[in-house]
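Colleague: Provided herewith is a single structure, encoded as structure tokens, for subsequent inquiry.
The values are calculated or read from the model by the stated rules, or taken from the named source; none is laboratory data. Computed from a prediction, not measured in an experiment: that's the story for all the values here. All Cβ positions, glycine included, derive from the backbone under ideal geometry; neighbour counts span all protein chains shown. The accessibility values were calculated without ligands, DNA or RNA, using every heavy atom of the protein model including side chains. Shrake-Rupley method; radii C 1.70, N 1.55, O 1.52, S 1.80 Å.
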Amino acid sequence: MTSLALEPASVAEATRIFLRLVRPRPLADPYPQYRRLRGLAPLHTVRLPGLGTAWTAVSHASVTRLLRHRAFGPLSQIHLDGLSPGWRRHPFTSCLYQAMAFQHGSAHRASRGLVNADFGGRAVLSHRAMITGLVEELLDALERGDDEVDLMESLALPFGVLAISRVLGVPDARALELAPLLRFAGAVFEPLATAAQRAVQHESGGRVLDLLGGLLADRRREPRDDLLSRLARHPFPGDPREAERAALGTAAMLLIAGADSPASLVGLGTRLLLEHPDQADLLRATPSLASSAAEELLRHDPPVQLVVRTAHEDTELAGVPVPRGGVVFGLLASANRDPEAVSSPDRFDITRPPVPALAFGAGPHYCLGAPLARLQAEVLFPGLLRRFPALRAAGPPVYRSPGTMLRSPDRLPVSLR
Ligand code: HEM
């Protein structure tokens, strides 16, 4: 691969392709565009409306370095002022933009340290029976219902929200009320959402905070043996308002990040399996492939397509200088299809030996919930395929907008029998 990143013609070309990828109307198949970007260079300079010059890392090596190198970290509050004007006035963004995913250095380590053990391998093993029971409950409900359903509404969304809610200690009825709000509130992670999408996000996020605030207050009065009670009683630093904002921000971040991507994975993964009936048959017949199938589903079409970072000092990436404050998009979905890291990357193969895929990111912000998400996928997909052997598509999926960062079907019509 040659580095053309500094040539103006390639800046224009890369900008055009990147804008096509991040426009509000999502592409059903963005992968040819990622391939074109990788074919041009491992890293591109792009010019984005409202942001000016920025960079996009598209090769596996450049995205890995972006995520792991200590010169790069989450966007600063000044960037957020530009991308999400007025965020400090809105209760939801003022909580979320100060929580884990947006923190750096020691503040970030403290936030993760508070909940790391709750999402580590051993804790997650203790959730296996809960996840298996939840999958059975939801499949039973599907079996009692119509032949044709929207799988997002009838399986993916309830599965995503109920699983993380049971881990946190949010009651099921509350979780189901929260489900649609969490989907809209998730735009808080989208760096390039439109003003209209931000407005819906503020409104839905505000209602999520009201509900969570009520639950935290309940747990302060009557603690239970759950994570929510621990967050409610944790002595967060700062004055009482700041401490309450930190408790709410942590709970909301876990709930949104923990509900959204697993639901998206159910939709994207089911669509992939329906498009590859030989692979679906193989998984149905060979439950021991559950774990490698989950990895391959995540690699091939990851729910989190890109992440965003800023340079905290003057630095370089793939030989291109990036000044302090420069914004770099790391295209995880492109990295996962880089032939320099994965052989025959466009082939969907659930027997593939382990590859260094980046579906959960890498470095200090590596997904906190990765062990839980893997367990969810390992239980759900074989269960769904075995329960409904004739499962098939009943129409094209409708993709979520904005899907810049968080890719998912909004609707996935399927026929169950
Ligand atoms: C299929 C499911 C999932 C996928 C694909 C996914 C993907 C990711 C990715 C790529 C990141 C890194 C973002 C970055 O570097 O900027 C991340 C971070 C995070 N994820 Fe997940 N995730 C999933 C499920 C979960 C679950 C179940 C939880 C449960 C709590 C969770 C909680 C988080 C949190 C809190 C962060 C921020 C970590 C930090 O900033 O240190 N995720 N996730």
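Colleague: Can you name the residue in region 328-361 that is within 18 Å of the chain's Cα centre (by Cα) and among the aromatic types (F, W, Y) and is also farthest from the ligand (Cβ to nearest atom) among such residues?
Modeller: Across region 328-361, the extreme among qualifying residues is F329.
Colleague: Can you tell me how many residues in region 139-152 are open to solvent by 20 Å² or more (accessible area, probe 1.4 Å) and not charged (D, E, K, R)?
Modeller: 3
Colleague: Still on this structure, please answer the following. Return a yes/no flag: does region 362-379 have any residue that is aromatic (F, W, Y) and either open to solvent by 40 Å² or more (accessible area, probe 1.4 Å) or within 11 Å of the ligand (Cβ to nearest atom) (or both).
Modeller: Looking through region 362-379, at least one residue is aromatic (F, W, Y) and either open to solvent by 40 Å² or more (accessible area, probe 1.4 Å) or within 11 Å of the ligand (Cβ to nearest atom) (or both).
Colleague: Which pairs do you get when a residue that is without any contact (Cβ under 8 Å) to a residue 24 or more places away in the chain, found in region 288-317, comes within reach of a residue that is open to solvent by 20 Å² or more (accessible area, probe 1.4 Å), reach meaning Cβ atoms under 7 angstrom, with the pair 6+ apart or on two chains?
Modeller: Once the first residue is without any contact (Cβ under 8 Å) to a residue 24 or more places away in the chain and sits in region 288-317, its partners that are open to solvent by 20 Å² or more (accessible area, probe 1.4 Å) give D314/P323; D314/R324.
Colleague: Among V208, V188, V266, which is the only one that is more than 13 Å from the ligand (Cβ to nearest atom), open to solvent by less than 20 Å² (accessible area, probe 1.4 Å) and not assigned by TED's automatic domain parsing to the domain that holds L48?
Modeller: From the options V208, V188, V266, the qualifying one is V208.
Colleague: Of the residues that make up region 303-319, is at least one in a loop (DSSP other than H, G, I, E, B), in contact with a Gly (Cβ under 8 Å, 6 or more places away or on another chain), within 12 Å of the ligand (Cβ to nearest atom) and not small (G, A, S)?
Modeller: Looking for residues that are in a loop (DSSP other than H, G, I, E, B), in contact with a Gly (Cβ under 8 Å, 6 or more places away or on another chain), within 12 Å of the ligand (Cβ to nearest atom) and not small (G, A, S), one finds at least one in region 303-319, hence yes.
Colleague: Any idea which of (1) open to solvent by 40 Å² or more (accessible area, probe 1.4 Å); (2) among the hydrophobic types (A, V, I, L, M, F, W, C); (3) free of Cβ contacts under 8 Å to residues at least 60 places away in the same chain is the one I17 doesn't satisfy?
Modeller: Of (1) open to solvent by 40 Å² or more (accessible area, probe 1.4 Å); (2) among the hydrophobic types (A, V, I, L, M, F, W, C); (3) free of Cβ contacts under 8 Å to residues at least 60 places away in the same chain, only one is false for I17: (1).
Colleague: Please give the number of the condition A359 fails out of (1) aliphatic (A, V, I, L, M); (2) open to solvent by 20 Å² or more (accessible area, probe 1.4 Å); (3) out of contact with any Ser or Thr (no Cβ under 8 Å at 6 or more places or on another chain); (4) touching a residue at least 60 places away in the same chain (Cβ under 8 Å).
Modeller: Result: A359 fails condition (2) only.
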